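Working notes, beginning with the structure itself.
The values are calculated or read from the model by the stated rules, or taken from the named source; none is laboratory data. Computed from a predicted model, the values in this text were never measured in an experiment. Positions of Cβ are generated from backbone atoms using ideal geometry, with glycine treated the same way; all protein chains shown enter the neighbour counts. To get the accessible areas, we keep the full protein, side chains included, count just its heavy atoms, and leave off ligands, DNA and RNA. Shrake-Rupley method; radii C 1.70, N 1.55, O 1.52, S 1.80 Å.
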Amino acid sequence: MESRVDSIFKEALELHSKLTELAPVIAETAGVMTDCIKRGGKIMFAGNGGSAADSQHLAAELVGRFMKDRRPLAGIALTTDTSIITAVANDYSFDEIFSRQVLGLGRKGDVFFGISTSGNSPNILKAIESAKSGGIITIGLTGNGGGKMAQIVDYLIDVPYKGKSARIQEVHILIGHILCELIEDAVLSV
């Protein structure tokens with residue numbers, strides 16, 4: 001067992017050693033998200049499974065606080081309203097559970113932040129298309145080369161790893177925390 005643990009740590013450390021190449025796109029994305037919030041817009045997060053949990057986590061960091069006391073920032077996880085999710089899945093399809101929310105809640109200049117380790121989740125792709133049709137800025141957080149998401153988002157943060165979703169998700173929350181820290185710093189500096 002101990003050797004397996006060592007192997008997992010080595011795999012994670014190898015991936016983490018490559019992350020500095022993402023610094024420019026993370027900084028750019030943080031700027032886009034900050035500008036949206038400063039204009040009175042909101043960040044809408046969505047994902048499936050562990051990415052749904054990450055969506056809720058990141059929205060909570062914006063609305064609550066990350067590391068500093070400050071005013072609440074407009075973040076919402078589209079993964080939390082079971083009545084909307086089940087109604088839309090039942091009446092339309094599971095592929096539309098986020099796109100209908102984006103169309104109903106989003107406004108031009110808002111940000112839709114889709115999380116998918118493969119970049120191919122149909123409901124995230126549909127939400128991106130709906131966001132773009134409404135003038136909503138789209139950000140994708142993914143891995144494995146970006147999948148279909150890479151072709152349609154405005155901004156792509158693609159973890160440089162092709163393999164286990166667990167390693168990609170571990171990096172996703174690190175990137176999410178970096179974004180929250182940069183946004184918080186920028187909002188407090190005004």
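Data table
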quantity: Rounded to the nearest 10 Å², the accessible area of Met67 at probe 1.4 Å; calculated: 100 Å²
quantity: Gyration tensor verdict on segment 90-173 (Cα atoms; rounded if a/c is under 1.5, prolate if a/b is larger than b/c, oblate otherwise); calculated: prolate
quantity: Subset of Lys42/Lys132; Lys108/Lys164; Lys42/Lys164 violating a 25 Å alpha-carbon distance limit; calculated: Lys108/Lys164; Lys42/Lys164
quantity: Surface per residue (accessible, 1.4 Å probe) for segment 60-190, Å²; calculated: 45 Å²
quantity: Long-range amide H partners of Gly75 with built H, under 5 Å; calculated: Ile43, Val63
quantity: Rh by Kirkwood over Cα pairs, then Stokes-Einstein D for the chain at 0.692 mPa s and 37 °C, µm²/s; calculated: 196 µm²/s
quantity: Gain in span if fully extended, Leu13 to Lys162, counting 0.36 nm per residue against the direct Cα distance; calculated: 52.2 nm
quantity: Separation of the Arg4 and Lys68 label points, Cα + 7 Å toward Cβ, nm; calculated: 4.4 nm
quantity: Sum of -39500 (n - 2.57) over DSSP H runs of 4+, divided by residues of the chain (222 nm, nearest 500); calculated: -17000 deg cm²/dmol
quantity: Coil-residue chymotrypsin sites (Phe, Trp or Tyr not before Pro) of segment 59-152, DSSP, other Cβ within 10 Å capped at 16; calculated: Tyr92
quantity: Estimated dipole of segment 1-146 in Debye, rounded to 20 [Cβ of Lys and Arg +1, of Asp and Glu -1, Cα centre]; calculated: 640 debye
quantity: Rounded percent of accessible protein surface that carbon and sulfur make up, the chain, 1.4 Å probe; calculated: 55 percent
